Amino acid sequence: MKSPFFLSLALSLLVLPICAETTGAQSRSVVAMTLTQDEYGGGRIYLPVRFGNVSGTMRLDTGASTTRLRLAPWNKDLPALSQSLSTGASGHESLCEDIEAKNVALKAEQGNDIARGKYEVSRCASSDGDDLLGLDFFDKARFTLDFARREMVFFNAPLGGQTKPFRLIGQERRLLGLGLRAGGVTSVGLFDTGAEICAVDLAFMKKHRKLFMPAKEKAKASEASGKRLSSRLYKIKTLDLGEGRVVRDVYALVYDFGPLRTALGRDTPFILGVNLIGQFTWELDLQNPSAPTWDARGR
């Protein structure tokens, strides 16, 4: 039985290279992003997706290793290939089925759709959260996340800056981590568009209390699958991603990562959510799975 983690595990799925539908050419394709806002500067990112003849929206989740669907009438008859155990940030486990979907595509408003002919996903009966479009869908792709224009652009021209390597993290070292400095402390954060706001491991906060300011004793929070978790809200005084990319007073949930330490590694006490990611325009180059790179510029 595989054990996918909604943030990090199940990294061994076989997927076909991503392509521009109908032509296969790497022409410019623009996918519209729908953004929600919350009171702490974060939110969710939704993309228009088609599974065969069924169209809808899915939440972009680069912190999820695989795509996860809620059991629904439109997918209930797709045959199961195997079963898998999905574990969330709270430690809650859900038994899911792995299914093979055909003709899965991001629907482009300009250019060709971004599609896979066959794509293996998890179908979870107990999920109360959004349908999550995971990182493996973007295998061998290059794209930008432009929050000012609310666009995801594939095969776009580079931003023009100096690209940097992602830190490959997780048990299979295929999740995307960013090197950073919090105050004077060097650390690593998971690049996670599925997290509405940043998060910090409680153990790290206790060790480096001077880097944080309390904001709220109890905060309402839930993992992407919908499961509630207990947390406190703090502000991170400064986070430095290098080359002048400094953000200040960033809200973050602080809780005991628990099972996340196994999934992400003990050297990754930060989760970088939309309230930080949305302050930049990003270029993500995943064409070489063993050496993915990134660039970012302030909005």
**OP:** Estimate the FRET efficiency between Thr186 and Arg248 by the formula 1/(1 + (r/R0)^6), using the beta-carbon distance for r and 25 Å for R0, to the nearest 0.05.
**Re:** 0.90
**OP:** Rank these residues by their accessible area, most exposed first, probe 1.4 Å: Ser55, Ser187.
**Re:** Ser55, Ser187
Subject >> Arg149-Ser55 pseudo-label distance in nm [points 7 Å out on the Cα-to-Cβ vector] >> reply: 2.2 nm
Original post:
Among Lys207/Lys237; Lys206/Lys237; Lys210/Lys235; Lys76/Lys107; Lys164/Lys235; Lys118/Lys164, which pairs are too far apart, with a Cα-Cα distance over 21 Å?
Top reply: Lys76/Lys107; Lys164/Lys235; Lys118/Lys164
**OP:** For Asp38 paired with Thr293, estimate the spin-label separation in nm (one decimal), with each label point 7 Å from Cα along the Cα-to-Cβ line.
**Re:** 3.4 nm
Subject >> Distribution of pairwise C-alpha distances over the range 143-212, 5 Å bins, in % >> reply: 3, 12, 16, 22, 20, 14, 8, 4, 1
Original post:
Can you run phi through the Karplus equation (6.51, -1.76, 1.60; θ = phi - 60°) for the range 234-251 and list ³J(HN,Hα) in whole Hz, with x for Gly and Pro?
Top reply: 10, 10, 7, 4, 8, 10, 10, 8, x, 6, x, 8, 10, 10, 10, 6, 8, 5
Original post:
Taking square-rooted eigenvalues a ≥ b ≥ c of the alpha carbon gyration tensor, is the range 160-299 rounded, prolate or oblate, where a/c under 1.5 means rounded and, failing that, a/b exceeding b/c means prolate?
Top reply: prolate
Original post:
Put +1 on the Cβ of each Lys and Arg and -1 on the Cβ of each Asp and Glu in the range 29-138; which of Thr67, Asn103, Gly129 then has its Cα farthest toward the positive end of the dipole?
Top reply: Asn103
**OP:** From zero up to wherever the largest Cα-Cα distance of the range 27-186 sits, split into 10 Å bins and tell me the percent of pairs in each.
**Re:** 9, 34, 37, 17, 3, 0
Original post:
Counting only residues 5 or more places away or on other chains, whose amide H sits under 5 Å from the amide H of Met58 once H atoms are built in the peptide plane?
Top reply: Leu47, Val49
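The values are calculated or read from the model by the stated rules, or taken from the named source; none is laboratory data. Values in this document were obtained by computation on a predicted structure and should not be read as measured data. Reconstructed Cβ throughout: ideal geometry from the backbone, glycine too, with neighbour counts over all protein chains shown. To get the accessible areas, we keep the full protein, side chains included, count just its heavy atoms, and leave off ligands, DNA and RNA. Shrake-Rupley method; radii C 1.70, N 1.55, O 1.52, S 1.80 Å.
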